[in-house]
Amino acid sequence: MREAELERNTKETQIKLLLNLDGGDYQIDTGCGFLNHMLELFAAHSAFGLKITAHGDTQVDYHHTVEDVGIVLGQALRLALGDMRGIKRYGQQMLPMDEALALAVVDVSGRPYLVYDVAMPAAKVGDFDTELAEEFWQALVRNAGITLHCRLLAGHNCHHIIEAQFKAVARALRQAATFDTANIDKIPSTKGVI
């Protein structure tokens, strides 16, 4: 079972998370409606089982909640993948959301690196700061140990832009975490370790 269950408790946030790479239901409650929506999309498009409960200092803003959920999801992803034996390792997805077109490319490499080439035409979607999308991916990448390229190829509606990103990354990760039946017993690296 490729599963991880984690808790993170700080003075700013308290988070419980369960991730199952091989499927399951999703239940998301972060205290931020827009983040809930994006994580539900992420779970649905990755086909990962995902349960998250987060309480944060949202009276300040959503920054700590968004970043810390990214941290815990990244840690869970790393744990659930284990030694990465038998996975495809790479994934890519180009995904449209109305006028928005997002590209996500993933390498489950053990090397955290984010390239985020996404111009946001507005500062907010509702009460959600659009700059927090990058903070989320940065936190996830650092803690999962993956390389992620996010690029916006078209778009002007920030809701659509961020939604296309979450769906594209989810599908790229799903592809990368899928087993490669031709190499099921091998670490996908000439080094023999990731």
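Just so you know, all these numbers are worked out from the coordinates, no wet-lab data involved. None of these values were measured; they are calculated from a predicted model. Cβ sites come from the backbone with ideal geometry, for glycine too, and all protein chains shown count toward neighbours.
Which residue, 108, 60, 69, tops the fluctuation ranking in a GNM of the chain built on C-alpha contacts under 10 Å? Highest fluctuation among the options: 60.
Convex hull volume of the Cα atoms of the chain, normalised per residue: 103 Å³. Of all the options 11, 51, 88, the one that moves most in a Gaussian network model of the chain with Cα springs shorter than 10 angstrom is 11. Spatial offset of the stretch 18-60 relative to the stretch 116-186 amounts to 14 Å, using the alpha carbon center of each.
Which net charge results when you count Lys and Arg as +1 and Asp and Glu as -1 among the other residues whose beta-carbon is under 12 Å from that of residue 109? Result for the neighbourhood of residue 109: +3. Summarising the overall dimensions of the stretch 108-194 from its C-alpha atoms, the Rg and Dmax are 15.5, 47 angstrom.
Of all complete DSSP H helices in the chain, those with a Cα span along the helix axis of 24 Å or greater and a mean Kyte-Doolittle hydropathy of -0.5 or more are 63-81, 158-177. Counting every pair of alpha carbons in the stretch 82-132, the share spaced more than 12 Å apart comes to 76 percent.
Which residue, 20, 157, 183, tops the fluctuation ranking in a GNM of the chain built on C-alpha contacts under 10 Å? Of 20, 157, 183, the most mobile in the Gaussian network model is 183. Per-residue ellipticity at 222 nm, computed for the chain from helices alone with -39500 (n - 2.57) per DSSP H run of at least four residues, works out to -11500 deg cm²/dmol.
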